[in-house]
Every structure is written in structure tokens, then in C-alpha cells.
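Asker: One structure is given below, represented as C-alpha cells, and several questions about it will come after.
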Amino acid sequence: MSKKKWLTAGIAMLSVMTLAACSNGKSSESGAGKHVSMSATYSGPGKATTAGNNSTLKVAEVNDAPFTGISSPTLASNAEDTDAFNPGGNAQGTVDGLWNVGKNWKIVDGGLANQKIDRKAKTVTITLRKDAKWSNGAKVTAKDVEYPYEIIGNKDTTSQQYSSDFAAIKGMAAYHAGKAKTISGITFPDGQNGRTTVIHFSRMSPSMKYAGNSFVWTTVEPYEYFKGIPISKLAASSKVRKNPIFTGPYKLDKVVQGESTSWSPNKYYYGKKPQIKHITIQVVSSNNFVAAFKSKKFDFIAANSAHPSSQYTKIKALKDYGIAGSPALSYGYFGFNVGHMNAKTGLNVMDKNSKMGNKNLRQAMMYALNQDQVYKKFGNGVSWRANTLIPPAFKDVYDAKNPGFQYNMKKAKSLLDKAGYKKHGKWRTDPNGKKLTIYFGVMQSSAATESIYQNDLQQWHKLGLNVKMTGGKPMEMNSFYSTLQKPKQNKIDIFDAAWSTSSEPTPTQMYGVDAPFNMGHFATKKNTELLNSLNNNQAWNSSYRTKQYKKWQKYMNTEAAYAPDNFTLNWSPVNKRVKGYSAAADNNEFWSNLSLTAANPK
């Protein structure tokens, strides 16, 4: 249910964009490719024991870089941070979440707060439960519901979550521009220390019914605890990185920066009492995680881990583990650098003469990739070629009939020829006859994923394009995203990355004209119109909304400024001592429902 965050690498996902022995090997057709079927749940044999529940649940965070350590869900942009601090939230993949949800992520009553939508009055009323407390015993207040909007909209914030959809909140645009000190459209009927927050909108959206939408933020932040820390310095503060507090079933005991977190039950938690006394979440590299599970160092994998699908068959063969999984709220994609972000206006701007500005060049590079062949070899049925920028988990709006970029080298070469990219010797020049070198940005990952990078380079070389890796090799993840997040950069021309989406499919926060996550800086009037149509007044009609989503998917493939790479299942091995594991959307007590039958992984 968390918001949009980046993932580590194309083949290795969920995260925010990765589970029982019921995996039967059958194939299910889904859009661009086939994948295996598996149950979202697993529960080991036998009964939970006192010795088991008094021991430590061991969770692996598979990643090839340290997590950055930002516990705040409003400030975090890296999905691995969500994993590292996940026991601080009630549901899998969520920290300090407000809502309980049903099977399709529709908000239902019973969580930290309830929501009431009034379309006529254009308001959303959020009412906290009476026993809502932070893990330090402090009351969760209406101000804590409002404070994330201040963090997101602040002109000096380090949060990446702002988009034009938040401007639908009355007063947000003025606050975001620095013209107002408060957000006038958020009010507190029973005071800031009360339980009720009312958000007044200029327009309403059907997406508001679902957790993770881009209008109503889905988590709380502890205002009194953070009070006195400038928003611009909040992400670096000790109260975020060393001593954070949470609303979920567990409290943080220890952080080893970038490596691990340790947890014990939160006595102030409002929900189901957690059964397991200790949890550790530990980073392990993608090249070592199979060996770690063979030696039974872990019970299961964190939701957003970057464990490679190339290792699925080895993990599935482990006798002391089941497999559970579900369609991932994530996808791999290619992005092209076509512009910059205007630091003064906060708007993405396409550069007319940018190296990657020619649509034919971008399309050609995508048609030159033999993705079906690649994922047949490395995907093992849990990763396959993606055909659009909406994952099939959102079945109501996903366009399964869109062909995407099916391999066609002949078409790729024709596109370049027609656009004037003539071959002079081994390599093609740009339409002006100048030497063309394209820099490909990728992240350090598993051996299989890095083999795919080399395949991509080979395919582009066959096309006659001189494509080289930025820096000559895969980049460390944090360095990779640090480069892409600069308002203007020329080190990376095309990049392979992955998104962990929220549980509502609106893509404005990733591809909107004012979205910080729009790291390729694609911005057109048509894209803005289509994005706005996904949540306009007509979009309350589900058939209209589906039609507009499919139009947007087609348009994005035509423009190819961002292009789909791969879809995945969010899968994990689960040790046989674990009971109650469920990756289902409506499991609103993920951590509290777990129990153990033995003191150590079997």
C-alpha cells in the first residue's frame, strides 16, 4: 500500500515492486508472457510453540546496496527502506499506514483510521480510532494525519512524492509555492490534538476509494516528535534514522545502518497482539541469498527485495521451504533522458535538441531488444516481458492486448534509417552526421541481471548504435539514483530501473510534469491531459476510466520516453517453521498473524 518508490534492478523484484508449497508449475497467460501460478499464503505443518514464538523471526532483505535508513514513509523513496522498517506497520509493505483494505486494496473500516468521502461537499474526513498510539505511548493525533502533507508539499522538502494531484487540496498549491505557511484546505473539527481531520478538495477522484492513491496520503507522521526539526533536515535527523517511532505491532530496538534492523512487540499497538517476540531484517546480496537459504539463515524474504528470478528453481528445490507469491505491484522499465527539471518552477521540461529526443531512436532501441528470449532463459516463469507501464496486478485497467515492444530488429533498423541515423563504418551517426555515443545507466545486481545488461548492449550494437555503460560498469544503487535525481544530468542517456507502485494505479507521481520521480523529464501536453483524465469527474464511470488507462498505455509506448521491461510475481521462500504467512492484499495484520513452530529455521 506504500507510495511509489524505486527498486533496484529490472529482473530482480517486487519491491514496491517478490511466496506456499502450493506452487504447482502451471502457467497463467498474462499479457506479454506466461508465468507460474502460486498461492499467496503458506503455513507450515504443526502447531506454533512457546519456544518458537520466543525466538527470532529472520527476514532477508535481498539487495546489492545498503538501505539508506530513512524510516519515514513520507520521506523514503527507496523501497528497501520500507522493507527495513516494515514491522513498524501492520501490513506487508506499509509503514505507519492509516487504512485497512479489502482484496482489491479498497479502503475498509477498522484500521488506524476510517475514511468518509463526500463527493458533493468535496471532502474526505479521516477519523482516528480512540486507542491509536505511537510506540512511545504518545497519542496519534489529527495533526499527525495532516503533517505528511506539509512534508510532501514543502518547497524545501526532500520528499519525492509531490505531484499535481496533491494540488487538488485547497491551499496546497499556495503552500507548495511558499506563498502560505499552512495548507488552508486541511482542517481539524475537534482541534489538532483531536481525532478528526477534514481535507477539502477542488475536485474529487474515484481513486480516493483505494489505499495508495495520489490525492489522500496513506500514512501518518509524528508531528510532536518531529517538532522543531526543519522539514529540509528531517530525513537526516536521528529521530528518523536512529530512534524512529511507529504505529504498528513492533517497535524498533536497533538499527545497524544500511545492514539490519531489530524489533520487539509494541505494547501500545491498537491491533492484534504480535505472537513472535523478536524480528530481525538483514541485508544479503543477490549473489549470496540462495546459499543463505540453503544454510537456513532466514525464514522468508522481505516484500520489496531484489532477489533474482533466475534463482527461482534453486529456491523452489529447497525441501524445508514452501513458496508463496502474488502478482507484484511493481515493474521494470527503461527510461530515456529527454530533458531537465526547472529548479525554480519544479516542472519537468523536454529539451528539443536532447540526444535521446528523437522518438524513432527510442522506439528502435526498444524493438531491438529480444526480451521474450531473455526472460524465457532467466525469468523461470516468475519474471516475463512487460508490454505496458501498468502491471497486470491492476487487472481492471491493465491492457493485456497491447503488444508492447516485441522483438523486431528489421523494424528497429528501418526506424533509424528513416530518422537519418546513418551508418558510417561500424556505428551510426546522429541525423546531423555527428558521432553518437549513448550512455546506459544500470545498477549492480545479480550475475544473471548483469548478463541481461550485456545482452542489451549487444542488441544495440547489432543495431549500429554505440552504446556504453555509464562509467564502464554497473553503478551502486544509491549512486545510480543520485545521478538520475539531479535536475539536469548528462551522464546517463538511457537507464534500466524498476518501480514499486502503490496499491492504486494512478501513475501521475512517476510520470507527471511536476513529479520529482519523472527522472527522464518526459513532459507533454498530451501526457498531462491523459493523466488528468484518469481521475476526472467522468472517471467515476469505471468503463470510461479503463478506456483512458488503455489510451495512456498506448500513448506511452508510442512516445517511448519510458518503456516497459519486465513484470514479476512477488514471491518468497517461506521456512516450514512459519505459520500464517500471507501476501494477500487484505491481510491487514501481516506481522501479527505470523507464528513459529520451532526456535530456529528448520
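The values are calculated or read from the model by the stated rules, or taken from the named source; none is laboratory data. No experiment lies behind these values; they were computed from the predicted model shown. Please note: Cβ atoms are built from the backbone with ideal geometry, for glycine as well, and neighbour counts cover all protein chains shown. We work out accessible area using only protein heavy atoms, side chains counted, and drop any ligands, DNA or RNA first. Shrake-Rupley method; radii C 1.70, N 1.55, O 1.52, S 1.80 Å.
Asker: From the residues in segment 343-362 that are open to solvent by less than 60 Å² (accessible area, probe 1.4 Å) and within 25 Å of the chain's Cα centre (by Cα), which one is nearest to T388 (Cα to Cα)?
Answerer: R362
Asker: Just to confirm my filter: which strands (runs of 3 or more DSSP E) fall fully inside segment 334-385 and include at least 2 residues that are farther than 11 Å from A561 by Cβ and in contact with a strand residue (DSSP E or B) (Cβ under 6 Å, 6 or more places away or on another chain)?
Answerer: In segment 334-385, the matching strands (runs of 3 or more DSSP E) lie at 339-342, 383-385.
Asker: Is there any pair linking a residue in segment 355-368 that is not aliphatic (A, V, I, L, M) to one that is not in a helix (DSSP H, G or I), with Cβ under 6 Å and at least six apart or on different chains, and which?
Answerer: If the second residue must be not in a helix (DSSP H, G or I), the pairs left are K355/D493; G357/V338; R362/F336; R362/A560; Q363/A560; Y367/F405; Y367/N408.
Asker: Can you tell me which residue among E589, E504 is open to solvent by 10 Å² or more (accessible area, probe 1.4 Å) and of a type in the set (D, E, K, R)?
Answerer: Of the residues listed, the single one that is open to solvent by 10 Å² or more (accessible area, probe 1.4 Å) and of a type in the set (D, E, K, R) is E589.
Asker: Do we have any residue at all in segment 220-227 that's open to solvent by 50 Å² or more (accessible area, probe 1.4 Å), in the same structural domain as S305 (by the TED database) and not aliphatic (A, V, I, L, M)?
Answerer: No.
Asker: Would you mention how many residues in segment 463-507 are outside any strand (DSSP E or B), more than 24 Å from I70 (Cβ to Cβ) and not basic (K, R)?
Answerer: Residues in segment 463-507 being outside any strand (DSSP E or B), more than 24 Å from I70 (Cβ to Cβ) and not basic (K, R): 9 in total.
Asker: Of all residues being over 29 Å from S330 (Cα atoms) and in contact with a Gly (Cβ under 8 Å, 6 or more places away or on another chain) in segment 387-420, which is surrounded by the fewest Cβ atoms within 10 Å (Cβ to Cβ)? Just the residue, please.
Answerer: K413
Asker: Could you tell me which numbered condition T483 fails, if it satisfies all but one of (1) of a type outside the set (F, W, Y); (2) more than 30 Å from D81 (Cβ to Cβ); (3) open to solvent by 10 Å² or more (accessible area, probe 1.4 Å)?
Answerer: With (1) of a type outside the set (F, W, Y); (2) more than 30 Å from D81 (Cβ to Cβ); (3) open to solvent by 10 Å² or more (accessible area, probe 1.4 Å) applied to T483, the lone miss is (2).
Asker: Looking at this structure, is T524 open to solvent by 10 Å² or more (accessible area, probe 1.4 Å) and under 28 Å from V216 (Cβ atoms)?
Answerer: yes
Asker: Starting from segment 485-511, keep only residues that are assigned by the TED database to the domain that holds D64, then list their pairs with residues that are hydrophobic (A, V, I, L, M, F, W, C) and open to solvent by 10 Å² or more (accessible area, probe 1.4 Å) whose Cβ atoms are within a distance under 8 Å, requiring at least 6 positions of separation or different chains.
Answerer: Final answer for the pair search is none.
Asker: Follow-up question, since we're still on this one. Criterion first (modelled with pLDDT of 95 or more and crowded, with 16+ Cβ neighbours inside 10 Å) does N243 satisfy it?
Answerer: So N243 fails the test.
Asker: Going by what's in this entry, would I492 be described as hydrophobic (A, V, I, L, M, F, W, C) and out of contact with any Leu (no Cβ under 7 Å at 6 or more places or on another chain)?
Answerer: No; evaluated as a whole, the condition is false for this residue.
Asker: Still on this structure, I have one more. Please indicate, with yes or no, whether at least one residue in segment 559-568 is at pLDDT 95 or above, acidic (D, E) and not assigned by the TED database to the domain that holds A167.
Answerer: yes
Asker: Do the conditions hold for T449, that is, is it at pLDDT below 95, assigned to a helix (DSSP H, G or I), out of contact with any His (no Cβ under 7 Å at 6 or more places or on another chain) and of a type in the set (S, T, Y)?
Answerer: So T449 passes the test.
Asker: Please return the ranges of strands (runs of 3 or more DSSP E) entirely within segment 103-213 where 2 or more residues are hydroxyl-bearing (S, T, Y).
Answerer: 123-128, 196-200
Asker: Of the residues that sit in segment 134-165 and are among the basic types (K, R) and surrounded by fewer than 20 Cβ atoms within 10 Å (Cβ to Cβ), which one is nearest to K239 (Cα to Cα)?
Answerer: Among residues in segment 134-165 that are among the basic types (K, R) and surrounded by fewer than 20 Cβ atoms within 10 Å (Cβ to Cβ), the one nearest to K239 (Cα to Cα) is K139.
Asker: Determine the pairs where a residue that is assigned by the TED database to the domain that holds G580 and more than 23 Å from P392 (Cα to Cα), located within segment 37-48, has a partner that is open to solvent by 40 Å² or more (accessible area, probe 1.4 Å) and part of a loop (DSSP other than H, G, I, E, B) with Cβ atoms under 6 Å apart, the partner being 6 or more residues away or on another chain.
Answerer: Final answer for the pair search is G44/K576.
Asker: Given the criteria surrounded by fewer than 24 Cβ atoms within 10 Å (Cβ to Cβ) and either among the acidic types (D, E) or touching a Gly at 6+ places or on another chain (Cβ under 9 Å) (or both), does D96 qualify?
Answerer: For D96, the condition - surrounded by fewer than 24 Cβ atoms within 10 Å (Cβ to Cβ) and either among the acidic types (D, E) or touching a Gly at 6+ places or on another chain (Cβ under 9 Å) (or both) - is not met.
Asker: Filter segment 282-309 down to residues that are in contact with a Ser or Thr (Cβ under 7 Å, 6 or more places away or on another chain) and surrounded by fewer than 24 Cβ atoms within 10 Å (Cβ to Cβ) and give me whichever is farthest from A598 (Cα to Cα).
Answerer: My answer is N287.
Asker: When segment 194-218 is examined, which residues are found to be within 12 Å of K143 (Cα to Cα) and touching a helix residue (DSSP H, G or I) at 6+ places or on another chain (Cβ under 7 Å)?
Answerer: If the condition is that a residue be within 12 Å of K143 (Cα to Cα) and touching a helix residue (DSSP H, G or I) at 6+ places or on another chain (Cβ under 7 Å), then G194, R195, T196, T197 are the ones that fit.
Asker: Might you check whether a residue that is at pLDDT below 95 and over 18 Å from the mean Cα position of the chain (by Cα) occurs anywhere in segment 493-508?
Answerer: Looking for residues that are at pLDDT below 95 and over 18 Å from the mean Cα position of the chain (by Cα), one finds none in segment 493-508, hence no.
Asker: Could I ask something else about it? From the list Y268, Y223, pick out the single residue that is in contact with a strand residue (DSSP E or B) (Cβ under 6 Å, 6 or more places away or on another chain) and either acidic (D, E) or more than 25 Å from E476 (Cβ to Cβ) (or both).
Answerer: Matching residue, one of Y268, Y223: Y268.
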